[in-house]
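Note sheet for the following structure.
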Amino acid sequence: MTFKYFAYGSNMLSTRLLARCKSAERLCVAQARGFRVEFSKKSKDGSGKATLARAASAHCTEGVLFEIDISERDALDRFEEVGIGYDRIDDFRVETDAGPVVATTYMAKTNVRSLRPYDWYLALVIAGAVEHSICNSYVEILRANDYVPDPVQDRLTRGAGVIALQAAGYPDFRALLGVSTSGAAILTGGS
């Protein structure tokens, strides 16, 4: 048995999701209508992680629909800190080119809108959108989010994120944020 999972944050990046759920297979790009992505879920490290927030019906959050073996759902729940950080929603409706699909996704229990994602985390989200050829205008919306550098360079979660980015072909994740290796901004967005 399997379940369909709608990823809209860092789990869009295949190398990230496969490190968590080895059976994950990409189905297609999907959209969550009436929602916007925010980086307002408070992480243990104090930064903002991605969550969905209700928005006008015309608004749309892009993401990726995966199929995952049901035996790995508990592991995904642990990574998403179900009951602490996120709630698992098993009847979440997304739109695909083939029509509507009911999937599982995760949404923050509470939102703190003053939070900012760490640079490496935002790069994971952008890399996932680029990997799955989500439209450039949406990638630019993601890139326009303010972020902060992670003050703890040897943080385990940062290390795992950077490894996932390197495995996906991004030796310097800052390029995804529109920053050159010299630190100068090369595209709009970010801070």
task = Return one whole number: the accessible area per residue of the stretch 52-91 in Å², for a 1.4 Å probe.
result = 52
task = With unit charges on the beta carbon (Lys/Arg positive, Asp/Glu negative), name the residue among 5, 48, 63 whose Cα is farthest towards the positive pole of the charge dipole of the stretch 1-141.
result = 48
request  = Leaving ligands, DNA and RNA out of it, rank 150, 91 by accessible area with a 1.4 Å probe, largest first.
outcome  = 91, 150
request  = Decide, for the stretch 56-139, between rounded, prolate and oblate: order the square roots of the alpha carbon gyration tensor eigenvalues as a ≥ b ≥ c, take rounded if a/c falls under 1.5, and otherwise choose prolate if a/b is larger than b/c, else oblate.
outcome  = rounded
inquiry  = Is there a quick way to get the dipole size of the stretch 67-114? I mean about its Cα centre, with the Cβ of Lys and Arg at +1 and of Asp and Glu at -1; what is the value in debye to the nearest 20?
reply    = 340
ask   = Under the rule of -39500 (n - 2.57) per DSSP H run of 4 or more residues, summed and divided by the residues of the chain, what mean residue ellipticity at 222 nm is obtained, to the nearest 500 deg cm²/dmol?
value = -7000 deg cm²/dmol
task = Calculate how steeply helix 156-167 sits against the longest principal axis of the alpha-carbon atoms of the chain, using the helix alpha-carbon long axis, and give the answer as 0 to 90 degrees to the nearest 10.
result = 90
remark   = Expected vector for the stretch 98-105, Karplus 3J(HN,Hα) from phi with 6.51, -1.76, 1.60 and θ = phi - 60°, integer Hz, x for Gly and Pro, equals 8, x, x, 9, 9, 9, 9, 8
Relative contact order (%) - the chain, alpha-carbon pairs under 8 angstrom, separation at least six = 24
task = Could you go through the stretch 64-74 in sequence order and give the Karplus-derived ³J(HN,Hα) for each residue, using 6.51 cos²θ - 1.76 cosθ + 1.60 with θ = phi - 60°, rounded to whole Hz, and x for Gly and Pro?
result = 10, 9, 10, 10, 10, 4, 4, 5, 9, 5, 4
query = Can you list the HN-Hα couplings for the stretch 106-120, worked out from phi with the Karplus curve (6.51, -1.76, 1.60; θ = phi - 60°), rounded to whole Hz and with x for Gly and Pro?
reply = 10, 10, 4, 5, 9, 10, 10, 5, 7, 6, 10, x, 6, 3, 5
task = With unit charges on the beta carbon (Lys/Arg positive, Asp/Glu negative), name the residue among 94, 105, 148 whose Cα is farthest towards the positive pole of the charge dipole of the stretch 60-163.
result = 148
inquiry  = Could you order the peptides 117-124, 45-52 from most to least packed, using the average number of other C-beta atoms within 10 Å per residue?
reply    = 117-124, 45-52
task = Find the all-direction average of the projected area of the Cα convex hull for the chain, expressing the result in square nanometres with one decimal place.
result = 10.3
Under 5 Å, built H, 5+ apart or other chain: amide partners of residue 2 = 70
inquiry  = Using a 1.4 Å probe on the protein heavy atoms only, what accessible surface does residue 131 show? Give it in Å² to the nearest 10.
reply    = 80
inquiry  = If I compute solvent accessible area with a 1.4 Å probe over the protein chains, what percent of it on the chain is carbon and sulfur?
reply    = 53
message = About the Cα centre, and with charges only on the beta carbon of Lys, Arg (+1) and Asp, Glu (-1), how big is the dipole of the stretch 1-100? Nearest 20 debye, please.
response = 320
inquiry  = Which residue fluctuates most in the GNM of the chain (Cα springs below 10 Å): 53, 108, 127?
reply    = 53
task = Taking the Cα centre of the chain as origin, sum charge times position over the Cβ atoms of Lys and Arg (+1) and Asp and Glu (-1), and report the length of that vector in debye to the nearest 20.
result = 420
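The values are calculated or read from the model by the stated rules, or taken from the named source; none is laboratory data. Fair warning: this is a prediction, and the values are worked out from it, not measured in the lab. We place every Cβ from the backbone using ideal geometry, glycine too, and count neighbours over all the protein chains shown. With ligands, DNA and RNA removed, areas are computed over all heavy atoms of the protein, side chains included. Shrake-Rupley method; radii C 1.70, N 1.55, O 1.52, S 1.80 Å.
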